[in-house]
Amino acid sequence: MVATRITPANEVQILLRANQSASWRLNLWVWGLVSCAGLVIALGFSWVGAPLVLPFVGAEVLVLMVAFYSASRASTRQQLIRFGHSQLLVEKGHGRREEVTDLPRQWARVRVEQGRYPLGTDRLYLCAMDKRTPVGEFLNQQEVELLQERLRQQGLRIEVQGCRSHY
């Protein structure tokens, strides 16, 4: 998702969020259902004389929990690009600010590295002097193009690098 807003102090902000197809609560429900089904099946095997199935199902439940947590955490990524009078701030994090990159606005530019494949997604970087930070790496191609246009509207120069290979 790409959203633009103007603060009361006339600061332009572009908010980028990853696609979150399911909430953490829904992920817990799905994990619980799958885990319960696995445990019921394992108890059936244990009842007919194969108790060694239980530790493997327990390990499966733990691995599923780690996978669901990792996927849910990755879907909460967000970035905020703030355009001040003399600086450009890029704030990144999972639900809260974890990393901040400060770039001088007068030297800032957008570098676009085109995807290697026809269906690949372009990668955007905000660059200024010796600093370079990726932005929107979790966006799809249409959202990357929208972000590129929004950055162009803020007066940033766009540099396109590379080209797609065609089969």
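A few comments on the model shown:
Residue by residue, here is whether (1) open to solvent by less than 80 Å² (accessible area, probe 1.4 Å); (2) at pLDDT below 95; (3) part of a helix (DSSP H, G or I); (4) β-branched (V, I, T) holds:
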residue: L26; (1), (2), (3), (4): no, yes, yes, no
residue: L39; (1), (2), (3), (4): yes, yes, yes, no
residue: A71; (1), (2), (3), (4): yes, yes, yes, no
residue: H85; (1), (2), (3), (4): no, yes, no, no
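- Among the numbered conditions (1) in a helix (DSSP H, G or I); (2) exposed (fewer than 15 other Cβ atoms within 10 Å of the Cβ), the only one that A50 does not meet is (1).
- Subset of segment 1-18 (residues that are in contact (Cβ under 8 Å) with a residue 24 or more places away in the chain and more than 14 Å from R73 (Cβ to Cβ)): M1, V2, T4, E11, V12, Q13, I14, L15, L16
- Filtering segment 87-96 to residues that are buried (at least 17 other Cβ atoms within 10 Å of the Cβ) and not aliphatic (A, V, I, L, M) leaves E91, K92.
- Segment 7-24, subset at pLDDT below 90 and of a type in the set (A, V, I, L, M), residue nearest to G93 (Cα to Cα): A18
- Matching residues, segment 64-105, being out of contact with any Lys or Arg (no Cβ under 9 Å at 6 or more places or on another chain) and of a type in the set (F, W, Y): F68, Y69
- R150 touching a strand residue (DSSP E or B) at 6+ places or on another chain (Cβ under 6 Å) and of a type in the set (D, E, K, R): yes
- Qualifying residue in segment 156-165 (condition: at pLDDT 95 or above and either in a strand (DSSP E or B) or of a type in the set (G, A, S) (or both)): no
- Scope segment 8-24; condition open to solvent by 30 Å² or more (accessible area, probe 1.4 Å) and polar (S, T, N, Q); matching residues: N10, N19, Q20, S21, S23
- Just so you know, in segment 97-147 the residues that are in a helix (DSSP H, G or I) and open to solvent by less than 30 Å² (accessible area, probe 1.4 Å) include one that is farthest from G84 (Cα to Cα), and it is V144.
The values are calculated or read from the model by the stated rules, or taken from the named source; none is laboratory data. Worth saying up front: this structure is predicted, and the values here are computed from it rather than measured. With ideal geometry, Cβ positions are generated from the backbone for all residues, glycine too; neighbour counts draw on all protein chains shown. The accessibility values were calculated without ligands, DNA or RNA, using every heavy atom of the protein model including side chains. Shrake-Rupley method; radii C 1.70, N 1.55, O 1.52, S 1.80 Å.
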